[in-house]
Amino acid sequence: MLSGGRSERPGPPTSVTQMADDHSAWVARDAAVVWHGFTQMAAYAENAPIVVEAADGRELIDVEGRRYLDAISSLWVTTLGHRVPELDAALRGQIDRVAHSTMLGNGNRVVVELAEALAARVPVDGPHILFASDGAAAVEQALKIAFQHWTNQGPTKRTHYLAFTGAYHGDTIGSLSLGDGGFGTDVFDPLRFPVRRAPYGDLAAAEALLEEHAPTLAAVVVEPLVQGAAGMAMCDPAFVAGLAGTCRRHDVLLVCDEVATGFGRTGTLFALDQCGVRADILCLGKGITGGYLPLSATVVSDRVFSSFLGPDLSERTLYHGHSYSGNALAAAVALRHLELFDELDVLAGVAARAGELEALLAELVAPLHGVAAVRQRGLMVGIELAPPAETLRWGRRVSAACVERGVLIRPLGDVVVLMPILTSTAAEIERIVTVVAASIAEVCGGAPGPAGAFR
Ligand SMILES: *Cc1c(COP(=O)(O)O)cnc(C)c1O
């Protein structure tokens with residue numbers, strides 16, 4: 001029996017004490033020099049972190065050879081699995097050509113090829129693509145582009161944005177301003193610029209705000225169908241479609257943040273595909289390289305792009321660009337990744353797994369004591385726990401219990417998030433739900449309560 005109840009997972013232990021020592025030694029070395037985001041470092045070691053050394057398909061392997069099913073897709077970025085042979089080959093192939101060359105004023109062959117492939121698929125008319133490395137940077141670019149789109153056309157009062165309750169768009173100051181706070185980010189409130197805010201999913205409220213403030217609005221920014229970081233808050237396709245129509249009527253740009261929902265997560269390649277909506281500006285990130293390398297993109301319609309055209313060195317130029325924008329290694333992987341969506345018929349797999357997941361959650365999780373609601377769209381799931389007191393830290397404890405059973409989970413407060421890798425097998429989906437159900441029963445106790453709401 002290993003410390004921390006780590007005995008259930010297969011592994012090649014030579015000596016049990018040596019294994020536990022190796023693990024603690026790595027955690028200590030880690031805590032001494034690495035600062036982990038969204039993590040209280042004084043408590044880091046106590047929260048039983050895993051230290052990953054390798055991976056195999058949908059499993060992560062830690063420094064002691066223990067395996068964990070990756071049920072959060074490495075925080076929502078992994079799509080086809082770890083060490084996908086085709087993606088590995090694309091990366092190796094590009095390394096033998098060039099790793100990176102600047103996109104500022106110059107081009108790169110594989111970036112052109114990726115942009116062409118994306119342009120054929122994105123829900124944007126006449127797409128032009130500005131690359132960056134993180135989702136937050138893609139959102140930041142969208143904010144600046146929307147702003148300058150209006151100033152390019154002369155004096156304007158369109159300097160504000162409308163966003164939604166529960167919104168999350170990243171951690172830079174601009175994207176943080178769009179976001180609705182929480183996660184301990186209130187400390188930065190003095191740095192946030194003011195944003196108009198409507199309740200997520202409430203079309204009448206958004207329409208009323210647009211009616212009143214359109215002349216001062218540069219753009220409306222929305223996460224279509226699912227607000228991941230809000231604990232998987234969901235809205236209807238009709239809300240997104242209605243919002244797009246209202247934006248068009250008031251001539252306000254529609255920015256869609258598909259950093260979380262893009263690349264198959266919701267069942268279609270992009271969430272907007274289910275809404276029948278074309279964005280003026282679309283933000284992509286996370287799954288764009290299948291979880292391999294940092295790459296993000298701000299995709300802009302021809303109409304918005306055209307407002308930036310003018311004489312060389314004129315003020316109509318977009319004076320913005322990142323050093324690693326359009327990294328060639330990341331582009332080569334992203335290009336192959338997009339091809340694999342068709343070759344492997346990934347979306348058919350997502351539909352099958354999403355159906356199985358829904359049935360299993362309704363049967364095994366929704367009726368459990370302590371479960372207030374289960375929300376799902378495609379392979380994005382939030383299981384909302386209702387602890388009788390906030391200090392119980394149910395979300396964290398349920399996740400820890402899952403990790404002890406060899407399934408890697410990370411909660412958002414008291415919402416247990418499931419983001420299975422898109423190529424998961426039926427057996428893996430069943431294992432995730434079974435483990436989560438057992439962990440909730442262990443932590444939240446009690447007999448199965450009244451069936452939790454399911455949608
Ligand atoms: C994760 C996320 C971001 C930020 O992306 P980073 O790559 O973490 O900067 C922005 N928007 C949404 C909807 C996200 O889920």
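If you go through segment 281-288 one residue at a time, do you hit one that is within 16 Å of the ligand (Cβ to nearest atom) and more than 26 Å from residue 241 (Cβ to Cβ)? Checked segment 281-288: no residue is within 16 Å of the ligand (Cβ to nearest atom) and more than 26 Å from residue 241 (Cβ to Cβ).
Mind checking which residues of segment 148-161 are more than 16 Å from the ligand (Cβ to nearest atom) and within 23 Å of residue 207 (Cβ to Cβ)? Spell out how you get there, then give the answer.
First, the residues of segment 148-161 that are more than 16 Å from the ligand (Cβ to nearest atom): 148-160.
Across segment 148-161, the qualifying residues are 149, 150, 156, 157, 158, 159, 160.
Meeting the requirement of 3 or more residues that are over 24 Å from residue 183 (Cβ atoms), at pLDDT 95 or above and open to solvent by 30 Å² or more (accessible area, probe 1.4 Å), the strands (runs of 3 or more DSSP E) wholly within segment 1-71 are 52-56. So residue 183 passes all but one of these: (1) in a loop (DSSP other than H, G, I, E, B); (2) closer than 30 Å to residue 331 by Cβ. Which condition number does it fail? For residue 183, the exception is condition (2).
Working only within segment 149-172, note down all residues that are farther than 30 Å from residue 38 by Cα and surrounded by fewer than 24 Cβ atoms within 10 Å (Cβ to Cβ).
150, 151, 152, 153, 154, 155, 156, 157, 158, 159
Tell me which residues, restricted to segment 418-428, are hydrophobic (A, V, I, L, M, F, W, C) and either surrounded by fewer than 23 Cβ atoms within 10 Å (Cβ to Cβ) or over 16 Å from residue 399 (Cα atoms) (or both). Steps first, answer last, please.
Residues of segment 418-428 that are hydrophobic (A, V, I, L, M, F, W, C), as a first pass: 418-419, 421-422, 426-427.
Those that are hydrophobic (A, V, I, L, M, F, W, C) and either surrounded by fewer than 23 Cβ atoms within 10 Å (Cβ to Cβ) or over 16 Å from residue 399 (Cα atoms) (or both): 421, 422, 426, 427.
Considering each of 223, 212, 207, 140 in turn, give the residue that is out of contact with any helix residue (DSSP H, G or I) (no Cβ under 7 Å at 6 or more places or on another chain) and in contact (Cβ under 8 Å) with a residue 12 or more places away in the chain.
Details: 212 fails: in contact (Cβ under 8 Å) with a residue 12 or more places away in the chain; 207 fails: out of contact with any helix residue (DSSP H, G or I) (no Cβ under 7 Å at 6 or more places or on another chain); 140 fails: out of contact with any helix residue (DSSP H, G or I) (no Cβ under 7 Å at 6 or more places or on another chain).
The match here is 223.
Listed conditions (1) over 20 Å from residue 322 (Cβ atoms); (2) out of contact with any Gly (no Cβ under 7 Å at 6 or more places or on another chain); (3) surrounded by fewer than 24 Cβ atoms within 10 Å (Cβ to Cβ) are all met by residue 294, apart from (1). When segment 92-108 is limited to residues that are assigned to a helix (DSSP H, G or I) and either in contact (Cβ under 8 Å) with a residue 24 or more places away in the chain or acidic (Asp, Glu) (or both), the one that is farthest from residue 294 (Cα to Cα) turns out to be 93. Residue under question is residue 205, and the condition is that it be away from the ligand (no atom under 14 Å from the Cβ), at pLDDT 95 or above and open to solvent by 10 Å² or more (accessible area, probe 1.4 Å); does it hold? Yes: the conditions hold for residue 205. Report whether or not residue 154 is more than 27 Å from the chain's Cα centre (by Cα) and over 20 Å from residue 322 (Cα atoms). Criteria met by residue 154.
Just the residues that are away from the ligand (no atom under 16 Å from the Cβ) and open to solvent by less than 10 Å² (accessible area, probe 1.4 Å), please, taken from segment 72-83.
Our first condition is that a residue be away from the ligand (no atom under 16 Å from the Cβ); within segment 72-83, this holds for 80-83.
Across segment 72-83, the qualifying residue is only 81.
Answer yes or no: is there a residue in segment 128-140 that is buried (at least 20 other Cβ atoms within 10 Å of the Cβ), among the β-branched types (Val, Ile, Thr) and within 16 Å of the ligand (Cβ to nearest atom). Within segment 128-140 (the criterion being buried (at least 20 other Cβ atoms within 10 Å of the Cβ), among the β-branched types (Val, Ile, Thr) and within 16 Å of the ligand (Cβ to nearest atom)), the answer is yes, since at least one residue qualifies. Only one of the listed residues (118, 114) is in contact with a Pro (Cβ under 8 Å, 6 or more places away or on another chain) and over 28 Å from residue 215 (Cα atoms). That residue is 118.
Here residue 169 fulfils each of the conditions (1) in contact (Cβ under 8 Å) with a residue 24 or more places away in the chain; (2) in a loop (DSSP other than H, G, I, E, B); (3) more than 16 Å from the ligand (Cβ to nearest atom) apart from (3).
The set of residues in segment 317-352 being of a type in the set (S, T, N, Q) and surrounded by fewer than 18 Cβ atoms within 10 Å (Cβ to Cβ) consists of 317, 323. For the structure I just gave you, tell me whether residue 391 is at pLDDT below 95, open to solvent by 20 Å² or more (accessible area, probe 1.4 Å) and of a type outside the set (A, V, I, L, M, F, W, C). So residue 391 passes the test.
The values are calculated or read from the model by the stated rules, or taken from the named source; none is laboratory data. What you see is a predicted model, and the numbers here were worked out from it, not measured in a lab. So basically every Cβ, Gly included, is an ideal-geometry build from the backbone, and we count neighbours across all protein chains shown. Just so you know, the surface numbers come from the protein's heavy atoms only, side chains and all, with ligands and any DNA or RNA stripped out. Shrake-Rupley method; radii C 1.70, N 1.55, O 1.52, S 1.80 Å.
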